[in-house]
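Asks: Below is one structure. I have some questions about it.
The values are calculated or read from the model by the stated rules, or taken from the named source; none is laboratory data. In this text, all values refer to a predicted model and were calculated from it rather than measured experimentally. Here the Cβ positions follow ideal geometry from the backbone for every residue, glycine too, while neighbour counts run over all protein chains shown. Quick note on the areas: whole protein, heavy atoms, side chains included, nothing else; ligands and nucleic acids left out. Shrake-Rupley method; radii C 1.70, N 1.55, O 1.52, S 1.80 Å.
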Amino acid sequence: MSQGELDRETFDRILMRQALDQAHNAWAVGEVPVGAVVVLDGRVVATGFNQPIGSHDPTAHAEIQALRAAGHYLGNYRLPSCELYVTLEPCAMCAGAIMHARLRRLVYAARDPKTGAAGSVLDLFAEARLNHHTEVVAGVMADEASAVLSEFFASRRLSTVAVSGDHSGSSGDRHAGADRDPTRGAGLAGEASELEAQVPPPIGGIEVRFDDE
């Protein structure tokens, strides 16, 4: 590995740690912990974290929040010299926004095998018919980002068990209601159950499947 490559890799990890800090902000307010930062010329110009539940806004994913903040700060809806760091692979909505903003580079941590649109379910960034192609780097701090998601859903599952009064330890009882649709306000037990359907990680991370991001 060249010195330049080492510098790039180290820099990517430093910025991804800042995105992970934003993910913890989401966790603090009860949202699925996904965080993002927008970088211009090596400097963070905007941050965002997942907050669709609290804002009653289905578009309020971490990437969208960060892109909106960057656009306002820089006074432009085009961000061609910017890079986006996000702790989870973008969905189709966020991938579209990234390309509309003309971002130069996307760096993400954990793959999302359920809704990921940067290679897991589909790869919009590799679609030759689209008129902009953002460079994509996957798997930076994937283990750390996946661990945050896993811990979040595990804590939610424990909270659900505690509220229900079930302390029997029976796996059948403990996961009662785990198939409920989380979009119907029934809590996050559905997402927590997804943790037990792990798939082999392609980039050294524990992949986490869930519905809210």
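Asks: Just give me the residues in the range 53-79 being buried (at least 18 other Cβ atoms within 10 Å of the Cβ) and closer than 14 Å to Cys91 by Cβ, in sequence order.
Replies: Result: Ala60, His61, Ala62, Glu63, Ile64, Gln65, Leu67.
Asks: Hey, among the residues in the range 133-154 that are out of contact with any strand residue (DSSP E or B) (no Cβ under 8 Å at 6 or more places or on another chain) and open to solvent by 10 Å² or more (accessible area, probe 1.4 Å), which one's farthest from His100 (Cα to Cα)?
Replies: Taking the range 133-154 and keeping what is out of contact with any strand residue (DSSP E or B) (no Cβ under 8 Å at 6 or more places or on another chain), we get 133, 143, 147, 150-154.
Subsequent filtering for residues that are open to solvent by 10 Å² or more (accessible area, probe 1.4 Å) retains 133, 143, 147, 150-151, 154.
On the way: His133: 10, Asp143: 29, Ala147: 31, Ser150: 31, Glu151: 33, Ala154: 35 Å.
Filtering first and then ranking leaves Ala154.
Asks: Now for a different question. Return the residues of the range 121-141 that are under 17 Å from the mean Cα position of the chain (by Cα), of a type in the set (Val, Ile, Thr) and in a loop (DSSP other than H, G, I, E, B); say none if nothing qualifies.
Replies: Of everything in the range 121-141, those that are under 17 Å from the mean Cα position of the chain (by Cα), of a type in the set (Val, Ile, Thr) and in a loop (DSSP other than H, G, I, E, B) turn out to be Val121, Val140.
Asks: Kindly provide the set of residues from the range 80-94 that are outside any strand (DSSP E or B) and buried (at least 24 other Cβ atoms within 10 Å of the Cβ), ordered by number.
Replies: Step one: list which residues in the range 80-94 are outside any strand (DSSP E or B), which gives 80-81, 89-94.
Across the range 80-94, the qualifying residues are Glu89, Pro90, Cys94.
Asks: Looking at the range 117-132, which of its residues are touching a helix residue (DSSP H, G or I) at 6+ places or on another chain (Cβ under 7 Å) and surrounded by fewer than 18 Cβ atoms within 10 Å (Cβ to Cβ)? Please lay out each step first, then the result.
Replies: Start the filter on the range 117-132 by keeping residues that are touching a helix residue (DSSP H, G or I) at 6+ places or on another chain (Cβ under 7 Å), which leaves 117-118, 124-125, 130, 132.
Matches in the range 117-132: Leu130, His132.
Asks: State whether the residues of the range 8-24 include one that is among the polar types (S, T, N, Q), in a loop (DSSP other than H, G, I, E, B) and under 15 Å from the mean Cα position of the chain (by Cα). First the steps, then the outcome.
Replies: The initial filter retains those residues of the range 8-24 that are among the polar types (S, T, N, Q), namely 10, 18, 22.
Next cut, in a loop (DSSP other than H, G, I, E, B) only: none.
Checked the range 8-24: no residue is among the polar types (S, T, N, Q), in a loop (DSSP other than H, G, I, E, B) and under 15 Å from the mean Cα position of the chain (by Cα).
Asks: A further question on this structure: Among residues belonging to the range 39-79 that are within 12 Å of the chain's Cα centre (by Cα) and in a strand (DSSP E or B), point out the one that is farthest from Ala145 (Cα to Cα).
Replies: Among residues in the range 39-79 that are within 12 Å of the chain's Cα centre (by Cα) and in a strand (DSSP E or B), the one farthest from Ala145 (Cα to Cα) is Gly48.
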